[in-house]
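Asks: Take a look at the following structure, please.
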Amino acid sequence: MYGAGYIFDEPNRKPLPEQQDDPEKLAVFEARIARGEKIEPGDWMPAEYRRQLIRLIEQHAHSEIIGALPEGTWITRAPGFKRKLALIAKVQDEIGHGQLLYNAAETLGKSRETMINDLLSGKSKYSNVFNYPAKTWADVAVIGFLIDAAAIVNQVANSKGSYGPYCRALERICYEESFHLKQGHDAFIELATGTPAQRTMLQDALNRWWQPIMHFFGPPDKASSHSEKLMQWKVKMASNDDMRNQFLDMYVPKIWELGLTLPDPALKKNEETKKWEYTDPDWNEFFKVINGGGPCNEERLQVRKWAEENGRWVRKALMQPGDKKAFPVA
Amino acid sequence: MNPEAIKDLVIKMADDELILGHRNSEWTGLGPVMEEDIAFSSMAQDKIGHAWALYQVLHEQLNGTDPDRFAFLRKENEYRCSQFVEMPNGSYDFSLMRHFLFDHAETVRYESLAASAFEPLKTLALKIRGELKYHTLHANAWVLQLSQAGEESHARMQQALNEAIGLALGIFEPSEHWEDELISGQIYPGEVALRQRWEERILPVLTQAGLSLPDLGRVEPIYGGRKGYHTVHLLPLLNEMSEVYKLDTEASW
């Protein structure tokens, strides 16, 4: 997981004045991107490009480490060895993705520590989907299958973007994600083909997660501002609606095949336009949750704060000057 | 060889691995640095994997029950883990010290089992031994680093050692009935010998770290786990572990 399509920006924020970018350099930069070249950390780049990328990669990184929490609480409760081992491995991968992404964002000049502090202060956001609780084991299956699937759609698109370090991190992440998807799909199928109680549990979880999943790719294109420049600079690689449509196309039939339902009577594919039609999810709810009003916002940040505060002495010790020896990476 | 004797050995080893694996997995998402988060999750996978493999030996070679059922459905007093592994994670200092003390004990155990007369254990030990090398490498590196990184960090590590040592000696609680038989049957060298080898492993690292190991002749080992006497911490752990599985023990999950 877990790069969501929607990247939060401060409301009404004015873009940095473009005149501070040397027009000749800007033209060379844009021509390089148009040719499909990758931009590397030492290369010249417009200030706004740097700012947007930091915002994007940082929020993606936060989503990985916060995203580990709802599933992580089920590791100790996973039913049986097979599920338990798969889930630990999966959640561990997500933390590893966080690490890769923080490293990628650091190449743009913002330290991991500053990014974590911004997460804890609420200045920097993460994917909204993790502000909902994983109530039962079936929620773990739904997250592992469908949220991971949604994230893959987004991350595969982003891996073709213009910033070299982010693309390389994403290539590795996507490779691991494809295993996560199998893990989630397997757990999902097991419940879908299980006892009546297991199926009910799964259907309930699916009903709970449908709106957050529809929110996952962000508001409809018609409501989204400033994405044209980001598309030109290959920071944003696909529109929210296109990604949502791709996801629905790939996964709704798989859900229906299993005899499960989705809580939207209007959901269907228009065979003429090849586009999916659906009831617009409640976007007010989406913005309310982004701004801290979701069921788990506070809990997620409190857990992260606990980890930061309790681990501070370790980080301080690692920075201790006059160490007798360098720390060997085991 | 009396299968009851071997079962006794395999069950206590497997239960230690399962319960400590569970504790290690609780660090996922909460580590002091992301790298340690990943390390503890990784070691949790290894430990739970070892437990699974040992329960399979029990199931397939010693006429035991299915590994999932055996691991998830026993009563609390049927578990044979040491009390050391049941203790809550506490702060990272205690978890790290437990990791150091336990994984060295585990290493000397599996090294000796690589020469066991019981073939299935021998085969397994040869594989697990290789994995444990990285666990002790990791534990040594962090114990050395944090014990020499300023006053607070050093004091925390010393305190963690003082708290953990009696519990750690509990790992070597001898089998109530089968110790002599297991030794003479060359299944394993016995708890006394393992404890001796363990002390020889940990002492040089602790000395280099500048930590003082309490006089082990005067530390009371905390026994009981191998007979089914556990701390108040085990039951809630087991209830949590089996919460989903017990919704329907006949279903496939």
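Just so you know, all these numbers are worked out from the coordinates, no wet-lab data involved. Small disclaimer: the values here were computed from a predicted structure and weren't measured. Heads up, the Cβs are rebuilt from the backbone with ideal geometry, glycines too, and the neighbour counts pull from every protein chain shown.
Asks: On a 28 Å Cα-Cα criterion, which of the cross-link pairs A:135/A:275; A:182/A:316; A:90/A:305 come out too long? Don't jump to the answer; show the numbers that get you there.
Replies: Values: A:135/A:275 32 Å; A:182/A:316 40 Å; A:90/A:305 23 Å.
Table pairs above 28 Å Cα-Cα are A:135/A:275; A:182/A:316.
Asks: How long are the semi-axes of the ellipsoid equivalent to the range A:135-250, from square roots of 5 times the Cα gyration tensor eigenvalues, in whole Å, largest first?
Replies: Over the Cα atoms of the range A:135-250, the ellipsoid semi-axes are 30, 17, 9 Å.
Asks: Here's another thing I want to ask about it. If I build a Gaussian network model for chain B, linking alpha-carbon pairs within less than 10 angstrom, which residue out of B:214, B:120, B:189 has the largest mean-square fluctuation?
Replies: Largest GNM mean-square fluctuation: B:214.
Asks: Could you tell me the relative contact order of the range B:3-247? Use alpha-carbon pairs under 8 Å, at least six residues apart, and round to a whole percent. The partial results should precede the final answer.
Replies: On the way: 320 pairs, mean separation 62.6, N = 245.
Relative contact order for the range B:3-247 comes out at 26 percent.
Asks: If you place +1 on the Cβ of every Lys and Arg and -1 on the Cβ of every Asp and Glu, how big does the dipole about the Cα centre of the protein assembly as shown come out, in debye to the nearest 20? Before the final figure, lay out each step's value.
Replies: On the way: 66 positive and 84 negative charges, 161 e Å.
Dipole of the protein assembly as shown, to the nearest 20 debye: 780 debye.
Asks: Given points 7 Å out from each Cα along the Cα-Cβ axis, report the residue B:232 to residue B:61 separation in nanometres with one decimal.
Replies: Each label point is offset 7 Å from its Cα along the Cβ direction, giving 4.0 nm.
Asks: Given the range B:3-247, what whole percent of its Cα pairs are spread farther than 31 Å? Each step should come with its number before you reach the end.
Replies: Details: 5547 of 29890 pairs.
Percentage above 31 Å: 19.
Asks: Give me the extension gain from residue B:117 to residue B:239: residue separation times 0.36 nm, minus the current Cα-Cα distance, reported in nm with one decimal. Can you show the working numbers first?
Replies: Details: separation 122, 0.36 × 122 = 43.92 nm, distance 3.64 nm.
Between residue B:117 and residue B:239, full extension yields 40.3 nm more.
Asks: Let me ask something else about it. I need the per residue convex hull volume for the range A:27-305, using only the alpha carbons, in cubic angstrom as a whole number. Mind showing how you got there, number by number?
Replies: Details: hull volume 36.6 nm³, N = 279.
Cα convex hull per residue, to the nearest whole number: 131 Å³.
Asks: Show me, for the range B:231-238, the HN-Hα J-couplings you get by feeding each phi into the Karplus relation (A = 6.51, B = -1.76, C = 1.60, θ = phi - 60°), rounded to Hz, glycine and proline as x.
Replies: In residue order, the calculated couplings are 7, 5, 7, 6, 4, x, 4, 5 Hz.
Asks: Where does chain B land at 222 nm, in deg cm²/dmol rounded to the nearest 500, when only DSSP H runs of n ≥ 4 count, each adding -39500 (n - 2.57), divided by all residues? Can you show the working numbers first?
Replies: Working: 10 runs with 165 residues, N = 253.
After summing the helix terms and dividing by residue count, I get -21500 deg cm²/dmol.
Asks: If I fit a long axis through the Cα atoms of helix B:34-61 and take the longest principal axis of the Cα atoms of chain B, what angle between them do I get, 0 to 90°, rounded to 10?
Replies: Result, in degrees: 30.
Asks: How far is helix B:151-169 tilted, in degrees, relative to the longest principal axis of the Cα atoms in chain B, given as a value from 0 to 90 rounded to the nearest 10?
Replies: 30
Asks: Under a GNM of chain A (C-alpha, springs under 10 Å), which listed residue has the highest mean-square fluctuation: A:89, A:157, A:61?
Replies: Ranking A:89, A:157, A:61 by mean-square fluctuation puts A:89 first.
Asks: Give the lysines whose C-alpha is closer than 19 Å to that of residue A:236, dropping any in the same chain fewer than 8 places away, or say none.
Replies: Of all the lysines, those that pass the test against residue A:236 - Cα under 19 Å, at least 8 places apart if same chain - are A:14, A:38, A:125, A:160, A:222.
Asks: Work out from phi, with θ = phi - 60° and the Karplus expression 6.51 cos²θ - 1.76 cosθ + 1.60, the ³J(HN,Hα) of each residue of the range A:123-134, listed in order in whole Hz, and give x for Gly and Pro.
Replies: 5, 10, 9, 9, 4, 4, 4, 8, 8, 10, x, 9
Asks: Report the FRET efficiency, 1/(1 + (r/R0)^6), for residue A:204 and residue B:69, where r is their Cβ-Cβ distance and R0 is 30 Å, rounded to 0.05. Mind showing how you got there, number by number?
Replies: Numbers: r = 27 Å, r/R0 = 0.90.
According to the calculation, E is roughly 0.65.
Asks: On to the next question. Please state the charge dipole magnitude for the range B:43-165, taken about the Cα centre, from unit charges on C-beta atoms (+1 on K and R, -1 on D and E), reported in debye and rounded to the nearest 20. Can you show the working numbers first?
Replies: Numbers: 12 positive and 16 negative charges, 53 e Å.
With only Lys, Arg, Asp and Glu charged at Cβ, the dipole is about 260 debye.
Asks: Gaussian network model of chain B, Cα springs within a sub-10 Å range: biggest mean-square fluctuation belongs to which of B:17, B:131, B:240?
Replies: Between B:17, B:131, B:240, it is B:240 that shows the largest mean-square fluctuation.
Asks: Putting +1 on Lys and Arg Cβ atoms and -1 on Asp and Glu Cβ atoms, find which of B:117, B:170, A:313 reaches farthest to the positive end of the dipole of the protein assembly as shown.
Replies: Farthest towards the positive pole: A:313.
Asks: A follow-up question, please. Check cross-link reach from residue B:122 to the aspartates and glutamates: straight Cα distance under 13 Å, and skip same-chain residues fewer than eight apart.
Replies: B:111
Asks: Something else now. Round to the nearest 0.05 the FRET efficiency obtained for residue A:242 and residue B:137 when R0 = 41 Å and r is the Cβ-Cβ distance. Can you show the working numbers first?
Replies: Details: r = 48 Å, r/R0 = 1.17.
Efficiency, from the Cβ-Cβ distance: 0.30.
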